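Engineer: So that we are looking at the same thing, I have put the structure below in structure tokens.
The values are calculated or read from the model by the stated rules, or taken from the named source; none is laboratory data. Quick caveat, the model's predicted, so the values are computed rather than measured. Heads up, the Cβs are rebuilt from the backbone with ideal geometry, glycines too, and the neighbour counts pull from every protein chain shown. Each accessible area value is taken on the protein alone, full model and side chains, heavy atoms only, with ligands, DNA and RNA left out. Shrake-Rupley method; radii C 1.70, N 1.55, O 1.52, S 1.80 Å.
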Amino acid sequence: MITRKYLATRTSYAIVTAIIALIINFLLPRLVPGNPVYTILLTKYHYLPPNQIKLLESQFGLQNPSLWYQFQRYIIELFHGNLGISYYYYPSTVVNVIATHLPWTLYLLGTSTAISSLIGVIVGKYIGWHSGTRKETFVSALFMGLTSIPFFWIAVIFQLVFALYLTNLLPISGAFSVTLVPSFTAAFILSVIKHSILPIFTLVLVSFPGFSLTMRNTMVNQNREDYLTLAKAKGIPERLIVKNYAARNAVLPVATHIVLAFGYVVAGAFFVEVVFSYPGIGDALYVAVTSLDYPLVDGIFLMITLTVIIANFISDILYAYLDPRVELR
Amino acid sequence: MSFPILSIRKLNTVFHTPSGDVNALRDLSLEVERGEVLAIVGESGSGKSTLGFSILRLIDSPGEIVSGSITYHDKDGDVSILDLSLPKLREFRWVNISMIFQSAMNVLNPVARIERQFIDTFEAHNLGGDYQARIEKYLQIAGLGKQVKKMYPHELSGGMKQRVSIALALSCEPSVLIADEPTTALDVVVQKEILSSIIKIKEELNLTVMFITHDLSVASSIADRLAIFYAGRPVEVGSAEKLLKSPQHPYTAMLLSSMISLNTNRDAFLKTMGGTPPDLRKPIQGCSFMSRCPLAEPACGTYDLSPGKSYGEGYVECIHPGRMAREVEAVD
Amino acid sequence: MLPELEPLASKSLKTKKQTDEDSFIRGALGNRKFLSGLIILLAFTLLGILGPFIAPYSPYNTSFQSWLPPSSAHLLGTDYIGHDVYSWFVIGTGTSLFVGATVSLITTFLGTAVGLISGYYSGAIDNILMRTVDVLLIIPTFPLLVILAVYLPPTNTTTILILGMLSWPFMSRVIRSQVLTLKERPFVNAAKLSGYSGSKVLFKEIFPHLLPLIIINAVYVVVGAIVAQAGLAFFGLGDLSSVNWGTSLYWAQSSDAIVYNAWWWIVPPGLSIALIGIAANLFGTGLNEYVGQRSGEVR
Amino acid sequence: MNRRQRAEEYAPPPDEIISFRNVNKIYKSGHSTNYAMDDISFSITKGKTLSIVGESGSGKTTFGLASLGLLEPTSGHIYFQGKNISKLNKSQQRDFRSKTHMIFQDPYSSLNPYDSIFTTVSAPLESFQKGLSRSERRGRAAEMLDKVGLSPGIEFLDIYPKSLSGGQRQRVAIARSLINDPEFVVADEPTSMLDVSITSTVINLMKSLKNELNFTMLYISHEIATSRYIADDMAVMNLGRIVEYGNPDEITKSPKHPYTDLLIRSYPRAGVRILPGEERHTDYNVYNGGIKGCTFAHTCPFKTSECETTKPELRKISHEHWVACFHPIN
């Protein structure tokens, strides 16, 4: 049940957060001393004639020093879907760069989140129901360890293993074989899948234990609930108690956890992309950071932030919709 | 002649805690007669609830039933509950013995409609027939309208939830109903209504009711027989009427006299019982009430509990039954 | 379902004066998870402190041959320009832990202060603080971290400040919700009725109950900060000349250590981070279990 | 004296200690509005024990907390010895606190597990008797513990609540509430979490301490027999209103309000059988106050149209007996 007030608060949070993100995004670059056009482009092209610099300045929107004027322009440009021009991929626009990289990231994220939440819930259900046993304690401790391993380290280790010991079993870099031209052919799709196995596996390996542990914890809290005792007393088979009583009640918090963990998994995906030279947003961000491509960094930040804000908003609404008890303020 | 429906013999239930094993039930033996309302009365820690949970084998870790037997005398023969395999136990539960819990607030699955919680049970026991009609029938017996079917637990008041759990308990037509403090969390007016419902249902459906409570007044207002529990055992069992009129065990007598009623003399102090119950982590020799009993004498410490003393149809564990009550009367 | 126990007070009365804290710590050490977590954490701390003294070489010494595998001279071999990896690792432990601990200090201080204030003094202050926290919590941390690190000067201090400023909102949320339940407990009303002032109630009656929670969170933040710092360094952000686990991994990655099969360079820092993570989790879970079990005993 | 001052202060009649004037406490959550106190005007007599009886949701605990200033009423004023307790200055506030205390329902959560018994019991002395040295406070605390039956008191000073039983904890709470010789003490269901055999000892203790120390007590309970036993005056609350007030014996022997009558008839009596037909399915949790007429009209067998439209006020019907009902039971 969603009250109007609840909807209003959540919406206002989302909007305020978005505005803050915009302000950070606008202000930070302007606080950096020096004109990036000179520093960056000159290092890249060594020499540019003055009229060319003027042109570039106007392209990057740097010619009027008034902050307020710039902010207005920034907002106007933003609503026209213009996030500026990338230094590194010049003359590509930031939006273009993001658009070419985004599908790869969405593919990695979507697949790995689906797999890890599925595995997470199933495994969590199991260890939650058997909590307190020696086996469960061991598995939980192992999972806790897994969740605290940095994504990129696991990725590097996999790369090491597959590069040196399990050679030629799975490709360890790129998104598809360089000999192929992107198209909807079986060979190309197969190549894409093969290239994504290691990155996805890495992401799943580090993110599913977190879901499992959340599921386990909510299940353990369920164990103390009287309605489980009643279900047992009623003679309901254990399998159904787990499914309809314990897990049904435990899965809601996990669902929100999955959405909340989205930001974390996004970060993980970025690291994984960097390690496996996978041409997604993370790879673009890495390039942008290392080449000081400010417009691209800003654009990516804005895009991710807005995505996460929207994901959060949806999860809040979903939660209120799914739980019959919720009478949120 | 007695026709027990449940016979409990030498039952021992232990809780393994970090500070030692707590002997919650100590060699407990008790019969529940067919068709009676037997009230189990005791203070916290006396083992009264543990008994209810032990009968349905709902004792979870760190608790454990270590020895003894519980026999259910079915029309088709005896069932030894503690020897049932898990699938058999599952089939046995609820169809033969069902239970109402104290915490009406939390016994219903919060995310399922009321009807779902009935249907679950019917499906688990492969009951045939018209489920909806059946649900409505038992909701009505418990004093609820059929609109309740479609509701979620959080939409019901405390009294209504307890009625739903009564309806649930009856829905598989069990022979025995264990009611574990079903009205403790409720207000007096609703309490009386629920108690009255239970009595009515009991007569209509020819149930045997085991009513667990800490409240002697409540117990004596609905039970045919009372079993007074102390330190993991019944210290006195007898008909409600007789037990109230002439309690045999000093604990029963003192419990009765320390009760406050609407007629208690306001100008005098209340009668009290000093001391605390014994530590169930340690073995108890002889009578467990000895440390608090004004009549205690050395012989109480070596008193062999196993046979018990019967008087009439009752039972008492005391070497000088009835003396306490007589002395209290003499003082009054 | 446990039967209620009557503790036999008159027999267990202690004549010797004994503080509750003593028995608390002793009791917590009895929890195996807590104890093992604590031991691992202490071992790393010790390694971090002793690092500069047990490192056989200077971490900047590049006079050795590149890509040497582990040997008695170089316990963890050497890297692409001939640093002794073992020396780099033990000294890096100190830096990584220092960054983690400092971030945790900032976070714990801010988080606890904001949580206490907004939980205890409801009304306008609470509203402002919590709305701020709500908003901060929605912004995804990692991209924000990256964008801040891109624009700010790359030093360890910057890293510490950014991480510290970003991680307190979550902690303040946790503390606040705990304060909210604690302040409804009757003993708080009893203290007010006994004439305690607001701050005395807050610090003397409520604060001790929060300590385990604060400690657990502080430890988690240490781990989080170490991982975040390593992540930043791995992205080439932060102070790359600093000797720590993160930069170690960065240089290994950027110099293609994998091609040279230099596992000795890659494995130790990552494994250490994972181990500290496990230790923190064991520590936290153990302490939680103990506190829960203890409050269960109190009932 | 202008009107504003009058709202803050007045000269109370000699036998009055606390007075409620048109006090409302309204809780709002989501769609529902709950009247914990519905326009209560009522005075507590000095030196007496007043018991408030009511079911859950009747507002009895709210009444107790508000009388100690632990809850701010939504509207209306509460006076302690003639002074409005929500308008006290700092020193008046201290004075008010030093003269009042409370015994809580749950002896487990009302004692801070991190405080020793000495710290707990002597807290009021520490706050209000700044002149006392630590050893004097220890002496007073030990004395008070002896008085509540924890003897020798000195041996209890340095232990922590966890090694005490429920009954013993409640004695500690009683000692704390009485150590500074308060004039007014609220006891909120002090025995509802204790076993029967311990209840009677605690009730006896409170009764004898009341006689010895001569404070005013507000005893809040859902348990009508205990309330009758301990009280000098009794008030019955229903959905935020006081519906009957007077001598406990009179009220319990011949209740005048149909609600009180229902409460007493529902009270379980040892040996009095409950019959199968005695069910009516009252469910007044559905109603949450803010009712124009009588709060009991929806269930009352004697309801008239007046009951639904007009609020009945407390009126005196005999010596020591007041009732808020248009057609009290004879």
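Engineer: For B:Q147 and B:E203, FRET efficiency with R0 = 35 Å and r from the beta-carbon atoms, rounded to 0.05?
Structural biologist: Values: r = 27 Å, r/R0 = 0.77.
My answer for the efficiency is 0.85.
Engineer: Each label point is 7 Å from the Cα along the Cα-to-Cβ direction; what then is the distance between the points at A:L166 and C:I125, in nm?
Structural biologist: Those two pseudo-labels are separated by 5.7 nm.
Engineer: Within the stretch D:202-241, name every residue whose backbone N is under 12 Å away from a label modeled 7 Å from Cα of D:D15 along the Cβ vector.
Structural biologist: D:233
Engineer: Continuing with this model, one more query. Could you tell me which trypsin sites (Lys or Arg not before Pro) in the stretch B:199-286 are loop residues by DSSP with no more than 15 other beta carbons within 10 angstrom of their beta carbon? Present the calculation step by step, with values, prior to reporting the outcome.
Structural biologist: On the way: sites: B:K200, B:K202, B:R225, B:K242, B:K245, B:R266, B:K271, B:R281; in loops: B:R266, B:K271, B:R281.
Here the sparse-neighbourhood loop sites are B:R266, B:R281.
Engineer: Counting only helical runs of four or more DSSP H residues, what would the 222 nm mean residue ellipticity of chain A come to if each run contributes -39,500 (n - 2.57) and the total is spread over all its residues?
Structural biologist: Numbers: 13 runs with 233 residues, N = 329.
Per the formula, -24000 deg cm²/dmol.
Engineer: Still on this model: Could you tell me the largest-minus-smallest coordinate of the C-alpha atoms of the stretch B:247-329 on each of the three principal axes, in descending order and whole angstroms?
Structural biologist: 42, 33, 20
Engineer: Let me make sure I get this right: for chain A, a, b and c are the square roots of the gyration tensor eigenvalues over alpha carbons, sorted descending. Under 1.5 in a/c it's rounded, otherwise prolate if a/b > b/c, else oblate. Which is it? Working shown, then result.
Structural biologist: On the way: a/c = 2.88, a/b = 1.57, b/c = 1.83.
Oblate, since a/c reaches 1.5 and b/c is not below a/b.
Engineer: Taking every pair of distinct Cα atoms and averaging 1/r, then inverting, what Kirkwood hydrodynamic radius in Å comes out for the protein assembly as shown? Write down the numbers at each step before the final one.
Structural biologist: Working: mean 1/r = 0.0283 Å⁻¹.
Roughly 35.4 Å, rounded to one decimal.
Engineer: Which one of B:H249, B:I114, B:L11 has its Cα pushed farthest toward the positive end of the charge dipole of chain B, where Lys and Arg give +1 and Asp and Glu give -1 at the Cβ?
Structural biologist: Checked the options; the winner is B:I114.
Engineer: Regarding chain C, what whole-number volume in Å³ per residue does the convex hull of its Cα atoms give? It would help to have the intermediate numbers written out before the result.
Structural biologist: On the way: hull volume 56.2 nm³, N = 299.
Spread over its residues, the Cα hull of chain C gives 188 Å³ apiece.
Engineer: If you put +1 on each Lys and Arg Cβ and -1 on each Asp and Glu Cβ, how big is the dipole of chain C around its Cα centre, in Debye rounded to 20? Could the numbers behind the result be given before it?
Structural biologist: On the way: 17 positive and 15 negative charges, 227 e Å.
About 1100 debye.
Engineer: Would you pull out the residues with amide H under 5 Å of D:M102's amide H, same chain only if 5 or more places away, H placed 1.01 Å from N?
Structural biologist: Residues meeting the amide H criterion: D:V186.
Engineer: So what's the stretch B:139-237 giving for Cα Rg divided by 2.2 N^0.38 Å, two decimals?
Structural biologist: Numbers: Rg = 14.3 Å, N = 99, 2.2 N^0.38 = 12.6 Å.
My calculation over the Cα atoms of the stretch B:139-237 gives 1.14.
Engineer: Additional query: A:L190 versus A:H130, label points 7 Å from Cα toward the beta carbon: distance in nm?
Structural biologist: Those two pseudo-labels are separated by 3.9 nm.
Engineer: Same structure again: Relative contact order (percent) for the stretch D:208-262, with alpha-carbon contacts under 8 angstrom and 6 or more residues of separation?
Structural biologist: Working: 43 pairs, mean separation 11.9, N = 55.
Relative contact order here is 22 percent.
Engineer: On the accessible surface of the protein assembly as shown, probed at 1.4 Å, how many percent belong to carbon and sulfur atoms? Don't skip to the answer; put the middle values down first.
Structural biologist: On the way: 31810 of 53840 Å².
Using a 1.4 Å probe with all protein chains present, the protein assembly as shown comes out at 59 percent carbon and sulfur.
Engineer: Let me ask you something else. Could you work out the mean count of beta carbons from other protein chains within 10 Å of each residue's beta carbon in B:93-103?
Structural biologist: Numbers: counts 5, 6, 2, 1, 1, 4, 4, 2, 5, 1, 5.
Mean shielding by partner chains, rounded to a whole number: 3.
Engineer: Next question, about the same structure. I'd like the FRET efficiency for D:K87 and B:E173, computed as 1/(1 + (r/R0)^6) with the beta carbon distance as r and R0 of 60 Å, rounded to 0.05.
Structural biologist: Numbers: r = 65 Å, r/R0 = 1.08.
Efficiency computed from Cβ-Cβ geometry: 0.40.
Engineer: For every helix of n ≥ 4 consecutive DSSP H residues, a contribution of -39,500 (n - 2.57) applies; sum these over chain C, divide by its total residues, and give [θ] at 222 nm rounded to the nearest 500 deg cm²/dmol. Each step should come with its number before you reach the end.
Structural biologist: Numbers: 11 runs with 208 residues, N = 299.
Rounded to the nearest 500, the figure is -23500 deg cm²/dmol.
Engineer: Taking K and R as +1 and D and E as -1, what net charge do the other residues with C-beta under 9 Å from the C-beta of D:A324 add up to? Please list the in-between numbers first.
Structural biologist: Values: positive: D:R241, D:K311, D:R315; negative: D:E244, D:E313.
Net of charged neighbours comes to +1.
Engineer: Evaluate the charge dipole of the protein assembly as shown about its Cα centre and quote only its size in Debye, nearest 20, assuming +1 on the Cβ of each Lys and Arg and -1 on the Cβ of each Asp and Glu.
Structural biologist: Values: 111 positive and 104 negative charges, 297 e Å.
Taking the Cα centre of the protein assembly as shown as origin, the dipole is about 1420 debye.
Engineer: Each residue of the stretch A:291-301 in order: what ³J(HN,Hα) in whole Hz does its phi give by Karplus 6.51 cos²θ - 1.76 cosθ + 1.60, θ = phi - 60°, with x for Gly and Pro?
Structural biologist: Per-residue couplings from phi come out as 9, 6, 8, 4, x, 5, 4, 4, x, 5, 4 Hz.
Engineer: Determine the total buried accessible area between chain D and chain B, counting protein heavy atoms only with a 1.4 Å probe; round to the nearest 100 Å².
Structural biologist: Details: alone 16490 and 16190 Å², together 28660 Å².
Buried surface at the D/B interface: approximately 4000 Å².
Engineer: By average Cβ neighbour count within 10 Å, what is the ranking of A:187-193, B:181-187 from highest down?
Structural biologist: Values: A:187-193: 14.7, B:181-187: 21.3.
In decreasing order of mean packing, A:187-193, B:181-187 become B:181-187, A:187-193.
Engineer: Could you pull out which residues in the stretch B:236-275 have an amide N less than 14 Å from a spot 7 Å beyond the Cα of B:D304, following the Cα-Cβ vector?
Structural biologist: none
Engineer: Give the residue list of trypsin sites (Lys or Arg not before Pro) in the stretch D:71-174 that are DSSP loop and have at most 14 other beta-carbon atoms within 10 angstrom.
Structural biologist: On the way: sites: D:K83, D:K87, D:K90, D:R94, D:R97, D:K99, D:K130, D:R134, D:R137, D:R138, D:R140, D:K147, D:K162, D:R169, D:R171; in loops: D:K130.
Here the sparse-neighbourhood loop sites are D:K130.
Engineer: What order, most packed first, do the peptides C:252-259, A:73-80 have when packing is the mean number of other Cβ atoms within 10 Å of each residue?
Structural biologist: On the way: C:252-259: 17.9, A:73-80: 13.1.
Per-residue Cβ counts within 10 Å, averaged per peptide and sorted highest first, yield C:252-259, A:73-80.
Engineer: Kindly list the residues of the stretch D:102-137 that lie in the label zone of C:F203, defined by a backbone N under 19 Å from the point 7 Å along the Cα-to-C-beta vector.
Structural biologist: D:114-116, D:119-120, D:123-124, D:126-128
Engineer: Below 8 Å between Cα atoms, with a sequence gap of 6+, how large is the relative contact order for the stretch C:49-298 in percent?
Structural biologist: Numbers: 332 pairs, mean separation 59.6, N = 250.
Reported relative contact order: 24 percent.
Engineer: In addition: Write out the chymotrypsin sites (Phe, Trp or Tyr not before Pro) in the stretch C:101-149 meeting two conditions: DSSP loop, and at most 16 other Cβ atoms within 10 Å of their Cβ.
Structural biologist: Passing both the DSSP loop test and the Cβ count: C:Y121.
Engineer: Antiparallel versus total DSSP beta bridges in chain B: what percent is that, nearest 5? Write out the running numbers ahead of the final one.
Structural biologist: Details: 33 of 52 bridges.
Once the DSSP bridges in chain B are tallied, antiparallel ones form about 65 percent.
Engineer: Moving on. Just give the residues from the stretch B:219-235 buried by at least 40 square angstrom of accessible area in the all-chains context relative to the isolated chain, probe 1.4 Å, and say none if nothing qualifies.
Structural biologist: Buried on complex formation: B:S221.
Engineer: Just checking the output field for B:86-92: average partner chain Cβ neighbours within 10 Å of each residue's Cβ?
Structural biologist: Values: counts 2, 1, 0, 2, 6, 2, 1.
Counting other chains' Cβ atoms within 10 Å and averaging over B:86-92 gives 2.
Engineer: Counting only other residues whose beta carbon sits under 10 Å from that of B:S29, what net charge do I get with K and R as +1, D and E as -1? Please list the in-between numbers first.
Structural biologist: Numbers: positive: B:R9, B:K10, B:R233; negative: B:D27, B:E31.
Summing Lys/Arg as +1 and Asp/Glu as -1 gives +1.
Engineer: Measure off 7 Å from each Cα along the Cα-to-Cβ vector at B:E123 and D:K311, then give the distance between these two points in nanometres to one decimal.
Structural biologist: Here the modelled spin labels are 5.2 nm apart.
Engineer: What does the helix-only formula give at 222 nm for chain D: each DSSP H stretch with n ≥ 4 adding -39500 (n - 2.57), the total divided by the residues, and the result rounded to the nearest 500 deg cm²/dmol?
Structural biologist: It lands at -9500 deg cm²/dmol.
Engineer: Hey, another quick one. Which percent of the Cα-Cα distances in the stretch B:62-178 go past 16 Å?
Structural biologist: Values: 4298 of 6786 pairs.
Distances greater than 16 Å cover 63 percent of the Cα pairs.
Engineer: How much area per residue is accessible in the protein assembly as shown when the probe is 1.4 Å and only protein heavy atoms are counted (Å²)? It would help to have the intermediate numbers written out before the result.
Structural biologist: On the way: 53840 Å² over 1290 residues.
Per residue, the protein assembly as shown has an accessible area of 42 Å².
Engineer: Mind grabbing the interface size between C and D? I mean buried accessible area, both sides, 1.4 Å probe, in Å² to the nearest hundred.
Structural biologist: Values: alone 16730 and 16490 Å², together 30140 Å².
Summed over both sides, the interface buries about 3100 Å².
Engineer: Separate question: With charges only on Cβ, +1 for K and R and -1 for D and E, what is the dipole size of chain A about its Cα centre, in debye, rounded to 20? Present the calculation step by step, with values, prior to reporting the outcome.
Structural biologist: On the way: 20 positive and 13 negative charges, 191 e Å.
Charge dipole of chain A: 920 debye, to the nearest 20.
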